[in-house]
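Presented below is the structure to which this report refers.
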Amino acid sequence: MKIVKAIAKGIGIVLGAAVLSVIIFVAVLTATEYNPSDVEAVTPAGEAQKTLSKGDTFTIATWNLGFGALDETADFFMDGGQMVQPATKEESIANVDAFKNALSKMNADVIFLQEVDTDSKRSYHVNQVDSIADGLQGYQNAFAYNFKTLYVPYPIPTIGKVNSGIATFSQYDMSEAARVKLPCPFSYPVRLVNLKRCLLVTRIPIANSDAQLVLVNLHLEAYDDGEGKIAQTKQLKELLNKEVKAGNYVIAGGDFNQTFSNVDTSSYPLLSEDLWKPGAIDVTGFEGMTFYADNRVPTCRSLDRVLAESDRDDFQYYMLDGFIVSDNLTVKSVETKDFGFKNTDHNPVTLEVQIP
């Protein structure tokens, strides 16, 4: 009997210690929770070299970099795969170096980047924003967090510390930049270790004009029940409608994690109900704006398995990346660059626009 009591006591102590550890862990996460205001000013870094005027034609590129981890040799646990981060720091850095090289060759006037880490365990604590900035001379850059948490305790091995977000690079001087908070679909305590998404809104003055070029970089919800995407898209629409009515020139772009109702995506059907399924945006509610995407090449691939080890003709592809452009701008072209998903799970999309 004494032995049974001793064993029971020992089990009780272990269970109590485990419960106490969880309570302390949640308390620490609660005390350090990233809780930004609805709108926060962002101070751009670097120096731009160009001035924008009416009649000018310029290019914008958008690219989800997958925090330097989601190259052709990767899958991802949230999509049905297993991986959390690259096997080595050198692999992660090599992917970022490839991004810098590709972006430099593109020479876009404005660049929207998503899933860029500044200090995360999954990317070996390399500041990818600074690294990319070092490779892009003549650009200003603005950065806003959309994932910032002390520690993500899943899966095994754990994600750990995350500091990540979206970045806008511009060869035109940004007169203003702001982080605009988006609705978070996750409740306490799950939200403590989840994304707090945002819009990164930057403003570029136009010479001899009262109007501004308003640029909105975005990365909308991915792994929610759908309500998060709907709420975030609604707020995006309200912001864009307001800017269009104010007479500004407006471009929003990035990874929508949704398809556009005016873009034919039949070439990229869902191959299995077990795979991640994107949301859909009804574009008709966006007044004075048009959605643009290039469906000749997919913009994203599934991460349920490793692409390099698979039949590329029998793989899940998506159309998730593109732009919304106010109708007072003239769109010259939109093109998805086919990089074969070598260094990330997204292809970049470029837009050529003229201010009449």
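The values are calculated or read from the model by the stated rules, or taken from the named source; none is laboratory data. Not measured: the values here are computed from a predicted model. When we count neighbours, we look across all protein chains shown, and the Cβ atoms used for this are built from the backbone with ideal geometry, even at glycine.
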request  = Tell me which of these residue 259 doesn't satisfy, since it passes every other one: (1) part of a strand (DSSP E or B); (2) over 28 Å from residue 84 (Cβ atoms); (3) of a type in the set (S, T, N, Q).
outcome  = (2)
request  = Return the total of residues in the stretch 182-219 being more than 17 Å from residue 61 (Cα to Cα) and under 14 Å from the mean Cα position of the chain (by Cα).
outcome  = 6
message = Tally up the residues in the stretch 297-356 that are aliphatic (A, V, I, L, M), part of a loop (DSSP other than H, G, I, E, B) and under 17 Å from residue 63 (Cβ atoms), please.
response = 4
query = Given 89, 5, which one is closer than 30 Å to residue 257 by Cβ and either free of Cβ contacts under 8 Å to residues at least 40 places away in the same chain or outside the structural domain of residue 334 (by TED's automatic domain parsing) (or both)?
reply = 89
query = What do you reckon, is residue 291 surrounded by fewer than 21 Cβ atoms within 10 Å (Cβ to Cβ) and aromatic (Phe, Trp, Tyr)?
reply = yes
message = If I filter the stretch 16-59 down to residues being among the acidic types (Asp, Glu) and farther than 28 Å from residue 100 by Cβ, which single residue comes out as surrounded by the most Cβ atoms within 10 Å (Cβ to Cβ)?
response = 33
message = Pairs needed: first member in the stretch 166-189, under 12 Å from residue 216 (Cα atoms); second member anywhere, surrounded by fewer than 15 Cβ atoms within 10 Å (Cβ to Cβ) and among the acidic types (Asp, Glu); C-beta distance under 8 Å; at least 6 residues apart or different chains.
response = 178/40; 179/40; 180/38
Evaluation of residue 62 against (1) touching a strand residue (DSSP E or B) at 6+ places or on another chain (Cβ under 6 Å); (2) surrounded by 15 or more Cβ atoms within 10 Å (Cβ to Cβ); (3) farther than 30 Å from residue 170 by Cα; (4) not small (Gly, Ala, Ser) (one fails), failing number = (3)
note = For the stretch 314-340, pairs from a residue that is more than 22 Å from residue 275 (Cβ to Cβ) to a residue that is buried (at least 23 other Cβ atoms within 10 Å of the Cβ) and small (Gly, Ala, Ser), with Cβ under 6 Å and 6 or more apart or across chains, are 323/253; 324/252
query = Taking residue 142 and the conditions (1) without any contact (Cβ under 8 Å) to a residue 60 or more places away in the chain; (2) under 30 Å from residue 244 (Cα atoms), which numbered condition does it fall short on, given that it satisfies the others?
reply = (1)
request  = For the stretch 227-241, indicate whether the set of residues that are in a strand (DSSP E or B) and assigned by TED's automatic domain parsing to the domain that holds residue 301 is non-empty.
outcome  = no
inquiry  = Among (1) touching a Ser or Thr at 6+ places or on another chain (Cβ under 9 Å); (2) more than 19 Å from residue 325 (Cα to Cα); (3) β-branched (Val, Ile, Thr), there is one condition residue 206 misses while meeting the rest; what is its number?
reply    = (2)
